[in-house]
Amino acid sequence: MKQTDKTDKNVLILGLPNCGKSQIFSNLTGEYTLVANYPLSTINIKGAFCTVEGYCYNIIDTPGIYSLHIQSEEASMVREKILSGDVDIIVQCVDANHLKQSLSLTAELTQLSIPLVLVLNALDETARKGIWIDSKKLSYIVGVPVVESIAIKGVGTNRLKQAIETARLPKSPVIFGDVMESALSSIISFFPDSMRHRRANAIFTLLNDQYIEEHIEKIAGAKTLQDIKDTIADLKNRFQWNPAKLLSYTYSRWVDSVYDEIVKKQASAPQSFSENLAKYCRTPITGFPILIGIIIAVFFLVVEVADALTGFLEDLAWKPVEDYIKTVVIDRFWNDLLIGDYGVLSMGVAGAILTVLPILSVFYILYNILEDVGYIPNLTVLSKRIFSKIGLSGATILPMVLGFGCKTMATLTTKTLASKKERYIAIFLIAFAIPCAPQIGLSMSLLGKIGISAFFISFAILVLVEIITGLILNRIIKEDRTQVFIQMLPPIRMPNIKNIAKKTYYRLLEFLKEAFPVFILASLVLFTLDKTGILDALKVFLEPMVKGALGLPVDIVDALIVLLARREASVAIIAKMIEANMLDYVQSIVAVTLTTMFFPCVANVGSIIRMLGLRSAIVIVVVITISSVIVMTVANWCLRLVF
Amino acid sequence: MKDKVDMDEYLEALWYMKENNNMSKAKLVDAFGDDYKEEILQRLINEELITLLEDKKEVSFTEKGEALARRIVRAHRLAERLLFDAMGMSKDFEKGACEFEHTLTEELINSICTMLGHPKECPHGLPIPPGDCCLKAVKTVESSVMHLSDMRIGQSGRIAYINSGNDEEMHKLNGLQVRPGAIIKLHQTYPAYVVECEGANVAIDEDIAKNITVWRIQGSKSDAHKTEPSLTKQKKSLWCKIMGK
Ligand SMILES: Nc1nc2c(ncn2[C@@H]2O[C@H](COP(=O)(O)OP(=O)(O)OP(=O)(O)O)[C@@H](O)[C@H]2O)c(=O)[nH]1
Ligand SMILES: [Mg+2]
Ligand SMILES: [Zn+2]
Ligand SMILES: [Zn+2]
Ligand SMILES: [Zn+2]
C-alpha cells in the first residue's frame, strides 16, 4: 500500500442503533464484523483501513446512538471520540426507514465542525413501502454529499468511497431562537480560541452536561467553568426558559421541515404480514407458544442433523485414523497419548471437530436466522412482566436477552444501564444461569440423547435459579434509582442467506481458532493428571461431593476440570458418558445443568472484570461456582423424589 | 385597565420569584429594570395582595394575592401551551400568552385546561398551577385529548404533549421522535406498550404511556397518516371565543 505524504484520515461511521453501520463498515474495509438485526450488536469502537485512490482512510465502526446528548456510557464513548479532535470525517448512516429519527441526529451533527457525509441506507425497504426520498434535495439542504445505499447488497459502496473524498462541512448549523443564540455566543466567548467544536460544546454546557463540564474545567480551568455556570444561571433566571425543551423543539421543527421537503411520495402502507408476525411474537398468548415452538424445532434439528453429521464424520474421518494408529503405534504410552481416554487426538481433535463442531454449525445457522429476522428484541416485550416481578426495570431486559447469544457481549452491553444496582444484577444473572447460544446447542444435543423432556426440565431449573437469584440480589443490593424502558424494535426482515452463511462461518472459525488449542491443551493436562495419579487422588477427594450430594459418577470430575479451560470441551466427555450408559435420566439432567452454570467461561470473566473490576469478578465467580453445586444438589434430591 | 395589566405583570413576576425561592424586593426591582414603578408595588400593598416583611426587604403574598398570582400564571402557561401545541406557534407564543393572561376568565381557563387534558407543564417546562378542573381530574367525554393508555389498540392520535419530569426519558423519546405533533399508533398494551411513531416501533413502560397525551384523530384508522387531525368542533368554537374576546 502506497502511503501518501498526508496522514491517514479518521472516518467515523455514526448512526442510530441497528441502522446498518457495521454492514457499511464491512463493505468499505472488507473486514468482518458482527451484523445483526438488533440494537447494541456493536458495543465497542473498531477501526480498519480502506484505501481510495492512494489515500488511506481509517474507517471506524461505532455503537449506535440516538443523540449526542444522551448520557449513557457507550454514547459518551462515541461522543468523546468525536470531541477528541481526531475524527476528520463523519459518515452518518441514515436508516431510511427511520428518517426522522436519523435526521434528528443529523441536526446535532451540523453543530460540529467536522465534514459530513450522509448515507441513505436500506432504500430497498422504503421502496417496498412506497416511500421515495429525494437524496439530491437532502444533499442541497444540509450541504453535504448524500449517498443512496442498500448496504446489505453492497449497493452504494463505491459511491460512498468517492463521497468520503468530497465530504464537506454542513452549510450552516441548525439555528435556534434569538435568546438561545445569544446565550450560546456569550458562553462561547468564555471558551479559549484553541478549543474545538465551540458551538457544540456551548450547547452541551447549556444542557448541564456533566461530561462537558469536566472537559471545560480541564482545558479552561475551574474559574472559567464557574463563570460560565453563573452566566447560564443568570440567563435562565432572566428568561425563565428550559434550554433542553427549546433545543429539542428547534430540532424537531428542522427535522419536520426537511422531511416534508425530501419525502416525495408516501402511500399509506397496509399492515404488512411481517408487522403482524412481530406482534404475535410479542403477545403472551401467541408469543409463548411461538417461543416454545421455535425451541422444539431447533431442538430436533440440532439433535437429528448434528447427530447424523457426527456419525457421518466419525465413520468417514475418525475410524480410519483410529484404526491406523492402533496398528502403527504399539507402545502403550504413545498410544494413550494419541487415542487413549485423554488422548490428544481422541479427546482434543476429535472432541472439538467431530462432536462439537457439527452441533455448533447447525445451531449457529438457526440462531443466526433468528438474529437476522429480528425475532430476539421482541422477546424483551414478551418477557417484560417476568422481569418486573423480579424487580428489574425494562432497561435490563435487552442485555439479558442478548445473553442467550453471547454472554461476553451481553455483559458489555450492560454499559447502557445507568443504575449500578441493575448493572450488577444483570451481569451476575448473565454469568450465572443464562445459557449462551453454543451452550444451548450443546445441551440440546446432549439431552437429546435421552429425550426432549430432559431438556425442558434442565431449562426450567435454570429459569428458576435466575428468578430466585434475581429476587435475592434485588433484596441485598440497595439503590432505588429506576430506569425507564424505551426500546426501539427492529423490523422483521427476510433473512439474507449470504449474511447468515458468512456469520456462521466466522462464528465457527472463531470457535476453532480459540477453542482448538485449548481442547488439545485440556486433553494434555488431563492426560498428565491421569498418568501421575493426581486425577485419581482428586476423584477420591471429591467423591463425597460428586457422588453423595450430586449423585453423579465420579468420572464427571474430568468434565469439570476441562470445563475450567473451555466449556465445550466438557461436552465430548459427557456425551461419551451418556452414550456408554454411565448416566441415567436424572444424572444426565444434573450433569448438563451443572456444567451450564459451573464456573463462568474465561471470556465472560474477562468482560466482568472490565465492567466491575477484578474484586467483584472474583466474588461473582466464586459465588456462582459454589452456588451451582448447591443448587444442583437440591435439584438432584427433588428430581430423585419424582423419578 | 392599564394599571390592572401592570399589577398582573408584577404579581406574575413575584410568582416566578417565589418558584425560585427568592422574593426580595431588590430582585423585583432588578427584574423590571428601568420600567420599575414603586407606585404599582404600593397599589398591590393597598389592595392587600402583598405585604412587605423584614425591614421592607422581603415581599410576601397575602392569601388573596397568592390566589390571584396563581390564576394569572396558570392562565399564562396554559395559553402558552395552547399556542405552542395546538396552534403550532413557535416564535410569538410567549407574547401571545402574556396578552391572554389578563383577559381570560376563570371559566375559560378551566375549559382550555380541560381541552388540553390538564397539562402539568408549560412549553418552557415550568409547572402549571392546577385549577379546580385538574383537582377534580374529571375525564369528561367532551375533552378532545386522551392519554395514550386510554387509547384502543389500533387507534392513532397526534401527540399533544408529554408530561415528564425526567430529562433522560424526554431525550430518549425525543430521539425516537415520540414528541408533540407526531402521529402515534398503539399496537399493543400488554406485557408492555408498543407504539408506532414515524415508522419506528417502540416499546415503552406503562408509566410512560400514561404521561403521553394525544389528540384524537377523527375518521377511519387507515388514513390516519394522511389526514391532518381536524380541529374538533369544541376546540374551534373555543378558539373563536378566545380570538373574538
Ligand atoms: N433491508 C436491508 N437491511 C439492511 C441494510 N443494511 C443493513 N441491513 C440489516 O440491518 C441490520 C443491522 O445491521 P448492522 O450493520 O448490524 O447495524 P448497526 O448499525 O451496526 O447496528 P448496531 O451495531 O447494533 O447499532 C442487519 O440485520 C442487516 O442485515 C439494507 O440496506 N437493507
Ligand atoms: Mg454495528
Ligand atoms: Zn405574562
Ligand atoms: Zn412558559
Ligand atoms: Zn385542569
*Just to be sure, is B:Glu107 more than 21 Å from A:His69 (Cβ to Cβ) and of a type outside the set (Lys, Arg)?*
yes
*asked:* Every residue in region A:555-575 that is open to solvent by 30 Å² or more (accessible area, probe 1.4 Å) and over 23 Å from A:Cys436 (Cβ atoms), please.
replied: A:Asp555
_Only one of A:Pro517, A:Pro490 is on the phi < 0 side of the Ramachandran plot and open to solvent by 40 Å² or more (accessible area, probe 1.4 Å). Can you tell me which?_
A:Pro517
*Among B:Asp8, B:Asp35, which is the only one that is under 22 Å from B:His76 (Cβ atoms) and exposed (fewer than 13 other Cβ atoms within 10 Å of the Cβ)?*
B:Asp35
*asked:* Can you find, within region A:99-139, the residue that is farthest from A:Ala202 (Cα to Cα) among those that are in contact with an Asp or Glu (Cβ under 7 Å, 6 or more places away or on another chain), within 16 Å of ligand 1 (Cβ to nearest atom) and touching a residue at least 40 places away in the same chain (Cβ under 8 Å)?
replied: A:Ala122
*What single numbered condition from (1) surrounded by 21 or more Cβ atoms within 10 Å (Cβ to Cβ); (2) assigned to a helix (DSSP H, G or I); (3) modelled with pLDDT of 85 or more fails to hold for B:Lys27?*
(1)
*Give region B:188-204 a look and list any residue that's within 28 Å of A:Val94 (Cβ to Cβ) and at the interface with chain A (Cβ under 7 Å from one of its Cβ atoms), or say none.*
B:Gln188, B:Ala192, B:Val194, B:Glu198, B:Gly199, B:Ala200, B:Asn201, B:Val202, B:Ala203, B:Ile204
*touching a residue at least 60 places away in the same chain (Cβ under 8 Å) and surrounded by fewer than 17 Cβ atoms within 10 Å (Cβ to Cβ): does that describe A:Gly221?*
no
_Qualifying position, being under 28 Å from the mean Cα position of the chain (by Cα) and farther than 30 Å from A:Leu235 by Cβ, among A:Ala122, A:Ala163, A:Ala127_ = A:Ala122
*Grab the strands (runs of 3 or more DSSP E) fully contained in region A:1-102, keeping just those with 3 or more residues being at pLDDT 85 or above and surrounded by 20 or more Cβ atoms within 10 Å (Cβ to Cβ).*
A:9-15, A:55-61, A:89-95
*Do we find that B:Glu19 is away from ligand 5 (no atom under 16 Å from the Cβ), acidic (Asp, Glu) and within 13 Å of another protein chain (Cβ to nearest Cβ) in this structure?*
yes
*asked:* Would you confirm whether or not region A:151-173 contains a residue that is in contact with an Asp or Glu (Cβ under 7 Å, 6 or more places away or on another chain), in contact (Cβ under 8 Å) with a residue 60 or more places away in the chain and basic (Lys, Arg)?
replied: no
*Scan (1) at pLDDT below 90; (2) surrounded by 15 or more Cβ atoms within 10 Å (Cβ to Cβ) for the single condition A:Glu148 breaks and write down its number.*
(1)
*From the list A:Ile534, A:Ile500, A:Ile477, which one is in the same structural domain as A:Thr625 (by TED's automatic domain parsing), touching a residue at least 12 places away in the same chain (Cβ under 8 Å) and farther than 27 Å from A:Ala36 by Cβ?*
A:Ile477
*Mind checking which strands (runs of 3 or more DSSP E) fall wholly inside region B:50-167 and carry at least 2 residues that are at pLDDT 85 or above?*
B:50-53, B:58-61, B:156-162
*Which of (1) open to solvent by less than 70 Å² (accessible area, probe 1.4 Å); (2) touching a helix residue (DSSP H, G or I) at 6+ places or on another chain (Cβ under 9 Å) is the odd one out, the single condition A:Ser172 does not satisfy?*
(2)
*For A:Thr380, which of the numbered conditions (1) within 14 Å of chain B (Cβ to nearest Cβ); (2) farther than 22 Å from A:Val619 by Cα; (3) surrounded by fewer than 24 Cβ atoms within 10 Å (Cβ to Cβ) fails to hold?*
(3)
*asked:* Suppose the filter is assigned to a loop (DSSP other than H, G, I, E, B) and at pLDDT 90 or above; does A:Gln111 pass it?
replied: yes
*asked:* One residue is enough: does region A:76-96 have a residue meeting the conditions within 14 Å of another protein chain (Cβ to nearest Cβ), touching a Leu at 6+ places or on another chain (Cβ under 8 Å), away from ligand 2 (no atom under 16 Å from the Cβ) and within 24 Å of A:Tyr251 (Cα to Cα)?
replied: yes
*asked:* Can you tell me which condition B:Leu116 does not meet? The list is (1) at negative phi; (2) free of Cβ contacts under 8 Å to residues at least 40 places away in the same chain; (3) not basic (Lys, Arg), and all the others hold.
replied: (2)
*Determine the pairs where a residue that is farther than 18 Å from A:Ala395 by Cα, located within region A:37-49, has a partner that is within 9 Å of ligand 2 (Cβ to nearest atom) and among the polar types (S, T, N, Q) with Cβ atoms under 9 Å apart, the partner being 6 or more residues away or on another chain.*
A:Asn37/A:Asn18; A:Asn44/A:Thr62; A:Ile45/A:Thr62; A:Lys46/A:Ser22; A:Lys46/A:Thr33; A:Lys46/A:Thr62; A:Ala48/A:Thr33
*Of all residues in region A:589-608, how many are within 21 Å of A:Asn636 (Cα to Cα) and either part of a helix (DSSP H, G or I) or of a type in the set (Ser, Thr, Tyr) (or both)?*
9
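The values are calculated or read from the model by the stated rules, or taken from the named source; none is laboratory data. If you're wondering where the values come from, they're calculated on a predicted model, not measured in any experiment. Note that we place each Cβ from the backbone using ideal geometry, even for glycine, and neighbour counts take in every protein chain shown. Side chains included, ligands, DNA and RNA excluded: accessible areas come from the protein's heavy atoms. Shrake-Rupley method; radii C 1.70, N 1.55, O 1.52, S 1.80 Å.
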